[in-house]
Amino acid sequence: MSTVQSKPAPVGGLRLHNFALAVRDLDAMIAWYEAVLGFAASERGRFDAVSADYAMLEGGGVRIELVSRAGETARPVDRTAPPRHLNVPGWKALVLETDDLPAATAALVQHDVEIVWADQPVSAHLRSTMIRDPEGNLIHIFGRAK
């Protein structure tokens, strides 16, 4: 008789649905993601179970759910600056990519966004620009090094 126990199989058939981001000002954040990053609101609604309003934004094959509990007191978020942000466990940034990082960076400058760094090398093959949205969330944009 064998005493070897097999490991349970991992959950199968999963795929990414969306990233969820809790925000303080839903309307302002929808407007920013549309105007600056080119996302479009595809759905708005309410999650009665958690008393929260939400908007689904889509762009570039990415879906972001912005969710807000209006009237609630928001807890402070750790906004440690890169690279020390990697010392704080948890999700770090929305990471996007572009075929033309210099043009994307120039457009971000025109939108007067908070730029953490602009068009910097991160490896032999990649460069990046990192920004913050109006509520301080990090957005990292990669492009191929020319």
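For segment 17-56, the set of residues classified as in contact with a Phe, Trp or Tyr (Cβ under 9 Å, 6 or more places away or on another chain) and of a type in the set (Phe, Trp, Tyr) consists of Phe19, Tyr33, Phe39, Phe47, Tyr54, listed by residue number.
In the set Glu114, Glu72, Glu65, Glu97, only one residue is in contact with a strand residue (DSSP E or B) (Cβ under 6 Å, 6 or more places away or on another chain) and farther than 30 Å from Lys146 by Cα; that residue is Glu65. Checked against the criteria, Ser42 counts as assigned to a strand (DSSP E or B) and touching a Lys or Arg at 6+ places or on another chain (Cβ under 9 Å).
Kindly indicate whether any position in segment 65-77 is modelled with pLDDT under 90 and either buried (at least 16 other Cβ atoms within 10 Å of the Cβ) or within 18 Å of Ile139 (Cβ to Cβ) (or both). It would help to see each step written out before you state the result.
So the first thing to find is which residues in segment 65-77 are modelled with pLDDT under 90, and the list is 70-77.
Okay, now just the ones that are also either buried (at least 16 other Cβ atoms within 10 Å of the Cβ) or within 18 Å of Ile139 (Cβ to Cβ) (or both), so 77.
Yes, the conditions are met somewhere in segment 65-77.
For segment 1-39, a tally of residues being assigned to a strand (DSSP E or B) and either aliphatic (A, V, I, L, M) or over 24 Å from Trp91 (Cα atoms) (or both) returns 3. Out of everything in segment 104-122 that is assigned to a loop (DSSP other than H, G, I, E, B) and in contact (Cβ under 8 Å) with a residue 12 or more places away in the chain, what residue ends up being surrounded by the most Cβ atoms within 10 Å (Cβ to Cβ)? Applying the filter and picking the extreme gives Val113. The set of residues in segment 73-103 being in a loop (DSSP other than H, G, I, E, B) and of a type in the set (S, T, N, Q) consists of Thr73, Thr80, Thr98. Within segment 81-98, the set of residues being under 19 Å from Ile115 (Cα atoms), loosely packed, with under 12 Cβ neighbours inside 10 Å and not hydrophobic (A, V, I, L, M, F, W, C) comprises Pro83, Arg84.
The values are calculated or read from the model by the stated rules, or taken from the named source; none is laboratory data. A quick note: this is a predicted structure, and the numbers were derived from the prediction, not measured. Every residue, glycine among them, receives a Cβ derived from its backbone with ideal geometry; neighbour counts consider all protein chains shown.
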